[in-house]
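Just so you know, all these numbers are worked out from the coordinates, no wet-lab data involved. Predicted, not measured: the structure shown is a model, and the values here were computed from it. Please note: Cβ atoms are built from the backbone with ideal geometry, for glycine as well, and neighbour counts cover all protein chains shown.
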Amino acid sequence: MSCSPLRACLVALPALLAACRTGSSAPDAGPAPAADAAAPASSAAPAPLPTASAAAPDAAAPDAGAPDAAAPDAAAPDAGADAAAATDAGCKLRRGPLALSLRGPALLWAPDEEARSDFRVIFNRDGVAQHVAPAFSALVGSVPPRDEAAADAGSAEPARASWPACEVAAGFVFCMDQAGTIRRTAMYGGETPPIGAGRRGTAISAVALPGGRTLLAFLSDRKTTEGVVTQAFAVLDDRPAVTLSEEGSGATFVSLAPWKGGALAMYIDARSALTPVHARTLDVTAEGKLKLGPDAVLFVGDAGESRMGGALGIGPEGPAYVLFPASKDMSDFGMAAIRIDDAPRDDMPAVWSLYPNGLSPAPIAATQGVSPIHVARVRPVAREPGSRHALEIGQLDAAGRFQPRCVAVEGKSFKHVAIEADRDGSLWIAYTTAAGTFVEQRALGP
């Protein structure tokens with residue numbers, strides 16, 4: 001429960017501090033911390049991004065439909081940092097970056113879960129999954145000039161995919177259409193009835209459970225005594241939805257991770273004065289019913305907005321880490337990492353990795369089921385207002401401290417990021433900007 005008297009006392013001070021803020025972006029955080037300063041800075045001349053269509057799009061994609069979507073800017077992501085990152089031993093570019101034929105949130109998926117290689121990209125086309133197999137046409141170091149690359153891709157703007165990204169679990173793909181209807185479809189097609197009615201454009205999450213079962217989490221609006229409230233819900237297989245967020249709590253973001261034979265759920269309740277981050281476990285009983293563990297308020301952040309997101313990172317057997325970009329105090333903003341060993345508990349300690357300045361939204365993604373846990377996050381390059389943004393790759397140590405490996409790319413803004421690790425020891429990264437969606441593969445050095 002997020003609104004008990006005890007919890008109200010715990011969050012009173014953050015709420016008072018939040019009332020003094022003048023906007024949703026954090027104020028100047030000062031110089032970047034030493035850990036983040038280790039990310040390489042490019043001193044080489046900018047290298048152009050290769051652009052090659054991985055798959056010809058079919059009919060024009062519907063509008064992305066994401067709430068509060070930023071107006072597209074005309075600038076493609078600046079690959080200046082790529083030249084430095086490609087030679088960085090900690091994050092060497094192997095293939096790409098490749099511009100895809102659709103623009104929108106992308107899911108990275110390995111057809112062979114055991115091999116976990118040659119990832120595909122899945123886009124959401126108004127509730128239908130479209131698979132794209134990246135066709136890297138240029139080797140690193142033999143990138144065509146920017147004008148030739150643009151000619152290869154054509155002058156037309158990439159077709160838009162829908163929000164949110166699809167999810168895959170246990171041979172099923174989950175996608176939301178533009179009306180908010182969510183379907184659970186066999187990976188290679190088939191008609192299925194809806195299993196959820198979500199809030200249009202908001203995140204969904206799905207994980208596989210033992211026995212080939214699936215668990216879906218999503219957000220939906222419900223009318224309560226307090227008015228219309230957005231809450232989190234969970235669906236086991238194709239059964240009726242169960243309320244995931246505690247009574248009296250809302251939810252603006254939800255994510256799942258496999259956890260000790262069941263699942264771990266994290267949801268964010270971004271409010272105008274404070275932002276509680278909740279977590280709870282989910283299991284299947286012997287009778288085949290969904291069992292929800294106690295709801296815990298892990299952390300209470302500063303004032304938030306509906307676009308705030310987070311990520312769950314977890315190794316092969318645990319522990320799990322809740323990752324959440326937020327304000328640490330009135331002057332500092334960064335990524336909070338909250339470690340969960342056995343079960344979520346109220347008011348757990350956070351390990352901070354500060355950004356040079358505030359950023360909202362601040363896309364973030366983390367790997368699950370592999371060790372070490374790798375993180376892809378977007379942060380400002382510098383402390384000055386209006387600074388460009390960097391897509392930074394790093395990993396978590398046992399304490400949850402972020403260890404930067406490289407800056408993959410810089411750009412004016414990023415809309416979405418995804419990251420996966422393959423069995424060969426390399427990372428696959430997909431990211432979306434106003435110019436398009438790109439995918440690349442990076443090798444991890446010593």
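Side notes on the structure shown:
- For the range 162-321, the normalised intensity computed at q = 0.12, 0.20 Å⁻¹ comes to -0.49, -1.38 (log10 of I(q)/I(0), Debye sum over alpha carbons, equal scatterers, no solvent).
- Pairs beyond 28 Å (Cα-Cα), from K328/K415; K289/K415; K289/K328; K223/K412: K289/K415; K289/K328; K223/K412
- Cα extents of the range 199-246 along the three principal axes, largest first (Å): 40, 20, 16
- The H on the amide N of R103, modeled in the peptide plane, is under 5 Å from the matching H of A159, R160, A161, each at least 5 residues off or on a different chain.
- Ranked by how many other Cβ atoms sit within 10 Å of their own Cβ, fewest first, the residues E191, E246 fall in the order E191, E246.
- Karplus 3J(HN,Hα) series, Hz, for the range 249-266 with 6.51 cos²θ - 1.76 cosθ + 1.60 (x for Gly, Pro): 9, x, 7, 10, 7, 9, 8, 10, 8, x, 7, 6, x, x, 8, 10, 10, 10
- When peptides 362-372, 404-414 are sorted by average Cβ neighbour count within 10 Å, with the highest value leading, the order is 404-414, 362-372.
- Projecting label points 7 angstrom from Cα along Cα→Cβ for A399 and E287 puts them 4.7 nm apart.
- Packing-based exposure ordering (other Cβ within 10 Å, fewest first) of F233, F253, F123: F233, F253, F123
- Positive contributions from Lys and Arg (+1) and negative ones from Asp and Glu (-1), summed over other residues with Cβ under 10 Å from the Cβ of A430, come out at -2.
- Sorted by Cβ density within 10 Å, fewest first, the residues L359, L98: L359, L98
- The length gained by stretching the chain between V351 and R383 to full extension, at 0.36 nm per residue less their Cα-Cα distance, is 9.4 nm.
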